[in-house]
Amino acid sequence: MAHRWKNDLSREDVTPEAVWMDRRRIMAGAVAGVGLGLAGLPGRGGAATGEELEPNSYEDITSYNNFYEFGFDKGDPKTHAGELTTEPWSVEIDGMVERPGRYDLADIMARMTVEERIYRLRCVEAWSMVVPWQGFELADLLNWVGVKPGAKYVAFETLYRPEEMRAQRQRGGIDWPYREGLRLDEARHPLTIMATGLYGKPLPNQNGAPIRLVVPWKYGFKSIKSVVRITLTDSEPETTWNMLQPNEYGFYANVNPNVDHPRWSQARERVVGGGLFSPKQPTLMFNGYEDEVAALYEGMDLERFY
Ligand SMILES: Nc1nc2c(c(=O)[nH]1)N[C@H]1C(S)=C(S)[C@@H](COP(=O)(O)O)O[C@H]1N2
Ligand SMILES: [Mo]
């Protein structure tokens, strides 16, 4: 796969957004320096290393995207995702739940606690970013609707609306809607969030507005965007990339530098916005969240369950 990316903002094209972002960066640094505030959040930095993560710029995060409903180039989502109407929005929660229903996003948000989580995002294509998300724990939503005994997996679906999602109008390729899934214990893990914002603003359409999943220890394709349906089930759900290329993309898709993609190494990653000549950085086991999540996979052969 060929990749293109944006260089850092040059001083000449500083936008109000970029200035605001720079302020955030400075503030985060100041807070870290005195050991207060954000340091207490569970998602802050790499808990394993105690390291503070430096978020990518707002520009990087919102202009270099994968959202195939709007095209296959990294710039397509920013160009075309504005065609999507995100209000009103509801999420159907069904399957093995005590209180199934079609929930208005506003009603969900009224009950959830939104917090900031600064997470690494590692795409299976071997690039990465750091994103300051706002969101709530998926576990809280699952508790609110009540998971029935016997449920073992959670399936997710993106909106299917070809009038507004231009690539859904084309034939061939992906079998829409985009689908993803997690094991129930993964879905309930405190690192797993439903994101509704980034950099303190509502989630831009290209990043999966108005609500998307974020699972920071898995390859980015698991973090499904613009979610309209969440289904509790007792069998492993079908997932988009696994359906397309089962030998390349598994259900688990845990970030793992020791298990290569059949066509490229996963040992290292290019940091988006790092500039043309910046060296690739080593990819971390479970994307740096090994201390938090390794127990979920105890005894599992991670080469087999890739
Ligand atoms: N519905 C949907 N969700 C999706 C995708 C997609 O094409 N469609 N791409 C995935 C991939 S491959 C990645 S790397 C991340 C990218 O998220 P970002 O654009 O917010 O960085 O979204 C994931 N979620
Ligand atoms: Mo990805």
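Is at least one residue of the stretch 189-199 surrounded by fewer than 20 Cβ atoms within 10 Å (Cβ to Cβ), of a type in the set (Gly, Ala, Ser) and either at negative phi or within 16 Å of ligand 2 (Cβ to nearest atom) (or both)? Checked the stretch 189-199: at least one residue is surrounded by fewer than 20 Cβ atoms within 10 Å (Cβ to Cβ), of a type in the set (Gly, Ala, Ser) and either at negative phi or within 16 Å of ligand 2 (Cβ to nearest atom) (or both).
Among the residues of the stretch 164-185, just one is touching a Lys or Arg at 6+ places or on another chain (Cβ under 8 Å) and more than 14 Å from Ile230 (Cα to Cα), namely Gln168.
Taking the listed residues Lys74, Lys78, the one that is in a loop (DSSP other than H, G, I, E, B), over 26 Å from Ser235 (Cα atoms) and either touching a residue at least 12 places away in the same chain (Cβ under 8 Å) or away from ligand 2 (no atom under 16 Å from the Cβ) (or both) is Lys74, with no other qualifying. If the condition is being within 14 Å of Pro149 (Cα to Cα) and without any contact (Cβ under 8 Å) to a residue 60 or more places away in the chain, then the stretch 83-101 contributes Glu98, Arg99. Leu213 passes every criterion in (1) in a strand (DSSP E or B); (2) more than 16 Å from ligand 2 (Cβ to nearest atom) apart from (2). Inspect all residues belonging to the stretch 246-261 and state whether any of them is within 14 Å of ligand 2 (Cβ to nearest atom), over 30 Å from Gly101 (Cβ atoms) and of a type in the set (Val, Ile, Thr). Among the residues of the stretch 246-261, at least one is within 14 Å of ligand 2 (Cβ to nearest atom), over 30 Å from Gly101 (Cβ atoms) and of a type in the set (Val, Ile, Thr), which makes the answer yes. As for the stretch 291-306, it holds no residue that is open to solvent by 40 Å² or more (accessible area, probe 1.4 Å) and touching a Lys or Arg at 6+ places or on another chain (Cβ under 7 Å). Ala267 meets the conditions (1) within 29 Å of Arg102 (Cα to Cα); (2) without any contact (Cβ under 8 Å) to a residue 60 or more places away in the chain in every case but one. The failed one is (1). Scanning the stretch 172-188 for residues that are within 12 Å of ligand 1 (Cβ to nearest atom) and open to solvent by 10 Å² or more (accessible area, probe 1.4 Å) turns up Gly173, Ile174, Trp176, Pro177, Tyr178, Arg179. Across the stretch 83-142, the number of residues qualifying as more than 16 Å from ligand 2 (Cβ to nearest atom), under 13 Å from the mean Cα position of the chain (by Cα) and aliphatic (A, V, I, L, M) comes to 2. Across the stretch 105-124, the qualifying residues are those that are within 22 Å of Tyr252 (Cα to Cα) and open to solvent by 20 Å² or more (accessible area, probe 1.4 Å), and the one among them that is farthest from ligand 1 (Cβ to nearest atom) is Arg120. Per the conditions (1) of a type in the set (D, E, K, R); (2) open to solvent by 10 Å² or more (accessible area, probe 1.4 Å); (3) under 24 Å from Ser63 (Cβ atoms), the sole criterion not satisfied by Glu157 is (3).
The values are calculated or read from the model by the stated rules, or taken from the named source; none is laboratory data. It should be emphasised that the depicted structure is a prediction, and the values quoted were computed from it without experimental measurement. Backbone-built Cβ (ideal geometry, glycine too); neighbour counts: all protein chains shown. SASA here: full protein model, heavy atoms, side chains in, ligands and nucleic acids out. Shrake-Rupley method; radii C 1.70, N 1.55, O 1.52, S 1.80 Å.
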